[in-house]
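Only one structure is covered here, and it is reproduced in the block below.
Each reported figure results from applying straightforward, stated rules to the coordinates on display, with no laboratory input. None of these values were measured; they are calculated from a predicted model. As a convention, Cβ positions derive from the backbone with ideal geometry for all residues, glycine included, and neighbour counts pool all protein chains shown.
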Amino acid sequence: MTNYPSPQAILEMLERIRKEYYSARGQHTPLASGHEGYAVLLEELDEAWDEIKRDDIPAAKREMLQVAAMALAFLLEVE
């Protein structure tokens, strides 16, 4: 049987994503289009891939947190 994260661990991660979303919104304007949202997500994912290739998993996880926050931004902001 697969060992999934606890509900508490999931809630804690969702809180980190929420904080990252608001931090990004403090520095950047909302996404103006689907094209911009895709470009931002791709940039963040490329940065995570760079860290994965360096085998720096803590840095990759920090980048993936930004990916998740920008996915949330896409879901909330793109009309």
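The phi-based Karplus calculation (6.51 cos²θ - 1.76 cosθ + 1.60; θ = phi - 60°) puts the 3J(HN,Hα) values of the range 56-71 at 9, 5, x, 5, 4, 5, 4, 5, 5, 4, 5, 4, 4, 5, 6, 5 Hz, whole numbers, x for Gly and Pro. Global size of the chain: 13.7, 44 Å for Rg and Dmax (C-alpha atoms, Rg to one decimal, Dmax whole). For Arg16, neighbours were defined as the other residues whose beta-carbon sits under 11 Å from its Cβ, and their charges (Lys and Arg +1, Asp and Glu -1) total +1. Over the chain, DSSP H runs of length four or greater, each weighted -39,500 (n - 2.57), average out per residue to a 222 nm ellipticity of -27000 deg cm²/dmol. The three principal axes of the C-alpha atoms in the range 22-67 carry coordinate ranges of 34, 21, 10 Å, sorted with the longest axis first. Across the range 18-31, rounded Karplus estimates of 3J(HN,Hα) from the backbone phi angles (6.51 cos²θ - 1.76 cosθ + 1.60, θ = phi - 60°) give 4, 5, 5, 4, 5, 5, 5, 5, x, 10, 9, 6, x, 5 Hz, Gly and Pro being marked x.
Sorted by packing (mean other beta-carbon atoms within 10 Å per residue), highest first, where do 3-13, 51-61, 34-44 land?
Ranked from most to least packed, the peptides come out as 34-44, 51-61, 3-13.
Taking Lys and Arg as +1 and Asp and Glu as -1, the other residues whose beta-carbon sits under 13 Å from that of Ser33 total -3. Think of each Lys and Arg Cβ as +1 and each Asp and Glu Cβ as -1; about the Cα centre, that makes the dipole of the chain roughly 300 debye.
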